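The values are calculated or read from the model by the stated rules, or taken from the named source; none is laboratory data. Since this is a predicted model, take the numbers as computed values, not measurements. Positions of Cβ are generated from backbone atoms using ideal geometry, with glycine treated the same way; all protein chains shown enter the neighbour counts.
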Amino acid sequence: MLVVGSATAYIITTLFIDSVPGVEVTREILMRAMPNEKDFVLTVLTAIGAGAAASLALSADPRIVAKPWGQIIDAMIVVEIAISLLPPACVIGMGFAFDRPEISSNAFLLLAVNVIGLDFAGSTLMLAVRGVRKRYLEREKQVRDIVQTTAMNSHPENILTMETNVVLLGEEIAEVVATIRAKPASHPNQDLAEGIAHALSEQAYCLSRVTLDWIPSLQATMFEIDSHTDCPGTGPLLCKTHPRFPGRADFSSPKQP
């Protein structure tokens, strides 16, 4: 993303320099290349805050993040990260466009400081405060893999997709919430949740509370697949024939008589 932003800024700035007379380096560009002490401190604090907020969101309970206000917080975090990293990345490209390498080098230094503040000073500190450790992440992955493997093995032909959220209440206690999207008119085994809990106990030595949401898919179609008609560029299996217009074999909606 940062490379794309820098390259885009270079191309747009070059086009403006070539087509519009009087284009010069502005104060806003210099603020990202040669910030004063106040702007520098403000930028670093914004990066640290964005990193801390992102780590807090990643380590939060999925049930909280799934709420509407939780999604708004996620969007705000993305905006904060963009404010910290994109401006200096764009100024790097602008500096090359203006043939001012000192601007690009200074902007790169500011970008590096922001990355360090975001990824290390902000994210690492918040993850440490939240108690996130590598062994917990590995434990969570182990629990998730066992849940998905057990469910897929019990219904290999019915499950379409599966999303599993794991909340560790301790090193040997977990709360599991799995959402399964299945084929139409399919039903789970009544003891599927109990089987997953037993698998976690036997394979991971983990006590768990398992909640499964089994969602059968609903399908409706207004066309039939015509395997004898070959549509250009799509192949026979993608060609759609309307039942009321058997002579038509394209992707346009037929006009009503």
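Only a single item in (1) farther than 16 Å from ASN153 by Cβ; (2) modelled with pLDDT of 80 or more is not met by ALA182, and it is number (1). Within the range 200-218, restricting attention to residues that are over 25 Å from the mean Cα position of the chain (by Cα) and outside any strand (DSSP E or B), the residue that is farthest from LEU169 (Cα to Cα) is LEU218.
Filtering the range 1-29 to residues that are surrounded by fewer than 17 Cβ atoms within 10 Å (Cβ to Cβ), assigned to a helix (DSSP H, G or I) and of a type in the set (A, V, I, L, M, F, W, C) leaves LEU2, VAL3, VAL4, ALA7, ILE11, ILE12, LEU15, PHE16, ILE17. Taken over the range 128-166, the criterion of being under 16 Å from GLU194 (Cα atoms), assigned to a helix (DSSP H, G or I) and not charged (D, E, K, R) is satisfied by VAL143, ILE146, VAL147, GLN148, THR149, THR150, ALA151, MET152, ASN153, SER154.
For the range 69-87, the criterion of being of a type in the set (D, E, K, R), modelled with pLDDT under 80 and within 18 Å of ALA121 (Cβ to Cβ) is satisfied by at least one residue. Considering every residue within the range 162-177, establish whether at least one is surrounded by 13 or more Cβ atoms within 10 Å (Cβ to Cβ) and under 23 Å from ILE83 (Cβ atoms). Within the range 162-177, not a single residue is surrounded by 13 or more Cβ atoms within 10 Å (Cβ to Cβ) and under 23 Å from ILE83 (Cβ atoms). Among the residues of the range 155-183, write down those that are of a type in the set (Gly, Ala, Ser) and within 18 Å of SER217 (Cβ to Cβ). Residues satisfying the conditions are ALA178, ALA182.
Do we find that SER186 is assigned by TED's automatic domain parsing to the domain that holds VAL210 and either within 22 Å of PRO216 (Cα to Cα) or surrounded by fewer than 16 Cβ atoms within 10 Å (Cβ to Cβ) (or both) in this structure? Yes.
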